[in-house]
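Accompanying notes for the structure given below.
The values are calculated or read from the model by the stated rules, or taken from the named source; none is laboratory data. A quick note: this is a predicted structure, and the numbers were derived from the prediction, not measured. Glycine gets a Cβ as well: all are built from the backbone with ideal geometry, and neighbour counts include every protein chain shown.
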Amino acid sequence: MSQAVPFESKVWLSSPTMHGEELEYVKQAYESNWMSTVGENINEVERLAREYVGRKHAVALSSGTAALHMAVKLAGVKPGDEVLCSDMTFAATVNPVMYEGGIPVFVDSEFDTWNMDPVALDKAFELHPSAKVVMLAHLYGTPAKCKEIRRICDEHGAILIEDAAESLGATYLGDQTGTFGDYSVVSFNGNKIITGSSGGVLLTDDGDAADKARKWSTQSREAAPWYQHEELGYNYRMSNVIAGVVRGQFPHLEEHIAQKREIWARYCNAFSDLPVSMNPFDESTCEPNYWLSCLIVDREAMAKQVRGEHEALYVPESGKSCPTEILEAISALNAEGRPIWKPMHLQPIYRMNSFVTREGNGRAKTNAYIAGGAIAGDGLPLDAGADVFHRGLCLPSDNKMEPWQQDCIIEAVRRCFE
C-alpha cells in the first residue's frame, strides 16, 4: 500500500474551536474600556463555571496552574509537608505543591482509568501518615474513581484538591468532575475542551476560601484607602478580555464534547480488530468529556522500543508496533500526536521523590519494570504508570478534523501493524 500524501493543513492534537460570540464579548470589553482584571465578562465566567459544575463559588484566574497554586495555599500546605499526588499527569498538577515548599509523594495509576489508584492511595497514607492533602488529576477527560478517593481522604482527614483541568463536562456517578474536591480547578488553556487562550477557575463551596483566593490573586491588597499589604500576594486574576473569550465558549461546551465523543468512537470502531485499545473507562460509572482520544498497544503486540531522556528508538517488527512508530506515521501525515504523559516519578526533577504503588514503595518496582517488565501477583506490571507511558499515545483529536482526515490517520496506524 502506498504512503498517504501529507495533509495540506496540519491536523492538530486539540486546537481552539471558535464560534464568533467570543469576539463580541472581547469587543464589549474593549468598547467599555474594561481591559483589566475587573468587568462583566469575569463576573459571567465565574457564574457560568459555578452553575455548570455545581459549586457555590468560583474565582476566575489567569491559568489553571494559578488556580491550583491558590488551592494548595488554601489547603494549608507548608514547607516540608507531604502531599499525595497523581503520578501520571502534566507537571502543572504537581509544581504548585513545590511553590509552597511541599513535598510531592507520587501515587501510581490504575489500568481501569489511568488515573490515581485508590488502592495505592490507601497504601500511600499507610506509608506517609503525616500527609493531609491529596492532589488528584483526571487524565485526558476521564474521571478518576472520585467517590472511592473522596472516601479515603475523609477517612484520613485529608483535604482533596481536584485538578479537573482536562475534564470539564465529564461526570462520575452523575456528578460533574470539579464537585468532589474541597478545592477544584478547571482550565481554559488553548488546547482544552473550551478555551480562553489561557485562564482557569478555582471552585469551592467555601465562601471564605473563595474570598481569600480572590484577595491573594490581586496582590493581597487590604481594604484601605491606600495600597496596604499584610500578606504575600500574586498577580493571578483573569483578564476581562480573556474572560470574554471564555464567556463566548461556554455555550458550546456540550457541542464540543459531542464532537470529541464521535472522534473517539470512530477510532474505537476502526481499531476493533487491531491489538490495541482506547483510553479506558467504566461506562456504568462515568461519562468522559473525550478531550483526547488515546491508544494503548497490547503488550504482546509491542515492537521493541527504548526511550531515553530526549530520544526514542524502536525496531520494526511484522505484525507489531509501538508508540514511537505510530507517532512517526502520524507526523508523516502532517498531523499531531503525542506520547502519554510521562509519569512524574520518572521525571528527572522528581526522581528522588517517593513513589507508591498498590503494593507499597514503588521505586524498586519501577527499576524492576524498566529492567524486565516485572509483574505483580495479579499478572499486571508493578508500575502501572510506566507501563501505560511505554505503550500509550495520544491520537489527533481536534474537533475540526474532517472524517476523511481521521480515516487517513486510522489507515496510517493500521499500516504500522502490517
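State yes or no: is GLU309 outside the structural domain of ASP112 (by TED's automatic domain parsing), modelled with pLDDT under 95, surrounded by 15 or more Cβ atoms within 10 Å (Cβ to Cβ) and closer than 21 Å to ASP87 by Cβ?
Numbers: outside the structural domain of ASP112 (by TED's automatic domain parsing): yes; modelled with pLDDT under 95: yes; surrounded by 15 or more Cβ atoms within 10 Å (Cβ to Cβ): no; closer than 21 Å to ASP87 by Cβ: yes.
It is false that GLU309 is outside the structural domain of ASP112 (by TED's automatic domain parsing), modelled with pLDDT under 95, surrounded by 15 or more Cβ atoms within 10 Å (Cβ to Cβ) and closer than 21 Å to ASP87 by Cβ.
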I'd like to check something: does region 251-268 contain any residue that is farther than 27 Å from GLY174 by Cβ and of a type outside the set (Val, Ile, Thr)? no
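Based on what the data block shows, is THR142 more than 13 Å from the chain's Cα centre (by Cα) and of a type in the set (Val, Ile, Thr)? Outline the logic, then answer.
Working: more than 13 Å from the chain's Cα centre (by Cα): no; of a type in the set (Val, Ile, Thr): yes.
Spelling it out, it is not the case that THR142 is more than 13 Å from the chain's Cα centre (by Cα) and of a type in the set (Val, Ile, Thr).
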I need the full set of residues from region 330-343 which are of a type outside the set (Lys, Arg) and in contact (Cβ under 8 Å) with a residue 24 or more places away in the chain, in order please. ILE330, ALA332, LEU333, ASN334, ALA335, GLU336, GLY337, PRO339, ILE340, TRP341, PRO343
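Collect the residues in region 78-102 that are part of a helix (DSSP H, G or I) and either aliphatic (A, V, I, L, M) or crowded, with 24+ Cβ neighbours inside 10 Å (or both), keeping them in residue-number order. Walk me through how you get there before you give the answer.
Step one: filter region 78-102 for residues part of a helix (DSSP H, G or I), giving 91-99.
Residues satisfying the conditions are ALA91, ALA92, THR93, VAL94, PRO96, VAL97, MET98.
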Taking only region 34-83 into account, find how many residues are hydroxyl-bearing (Ser, Thr, Tyr) and more than 22 Å from GLY169 (Cα to Cα). 2
With the structure loaded, tell me whether PHE188 is touching a residue at least 40 places away in the same chain (Cβ under 8 Å), closer than 30 Å to ARG299 by Cα and of a type outside the set (Lys, Arg) or whether it fails that test. no
Restricting to region 212-264, name every residue that is part of a helix (DSSP H, G or I) and among the acidic types (Asp, Glu). GLU254, GLU255, GLU262
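Considering only region 269-284, I want to know if a residue exists there that is crowded, with 21+ Cβ neighbours inside 10 Å, more than 21 Å from the chain's Cα centre (by Cα) and either part of a helix (DSSP H, G or I) or modelled with pLDDT under 95 (or both). Can you show your working first?
Restricting attention to region 269-284, the residues satisfying the condition of being crowded, with 21+ Cβ neighbours inside 10 Å are 276, 279, 281.
With more than 21 Å from the chain's Cα centre (by Cα) added as a condition, the list becomes 276.
The next check asks that each one be either part of a helix (DSSP H, G or I) or modelled with pLDDT under 95 (or both); those that pass are none.
No, region 269-284 has no match at all.
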Before we move on, is VAL105 touching a strand residue (DSSP E or B) at 6+ places or on another chain (Cβ under 7 Å), closer than 24 Å to THR65 by Cβ and assigned to a strand (DSSP E or B)? yes
Pairs, first under 16 Å from LYS342 (Cα atoms) in region 309-329, second part of a helix (DSSP H, G or I) and among the polar types (S, T, N, Q), C-beta under 6 Å, six or more apart: ALA312/THR324
If we keep just the residues of region 177-203 that are part of a strand (DSSP E or B) and surrounded by fewer than 24 Cβ atoms within 10 Å (Cβ to Cβ), which is farthest from the chain's Cα centre (by Cα)? SER197
Looking at ILE296, ILE242, ILE263 in this structure, which one is within 22 Å of the chain's Cα centre (by Cα) and closer than 18 Å to ARG391 by Cβ? ILE296
Among helices (runs of 4 or more DSSP H) completely within region 1-77, the ones holding 2 or more residues that are touching a residue at least 40 places away in the same chain (Cβ under 8 Å) and more than 21 Å from the chain's Cα centre (by Cα) are 21-32, 40-53
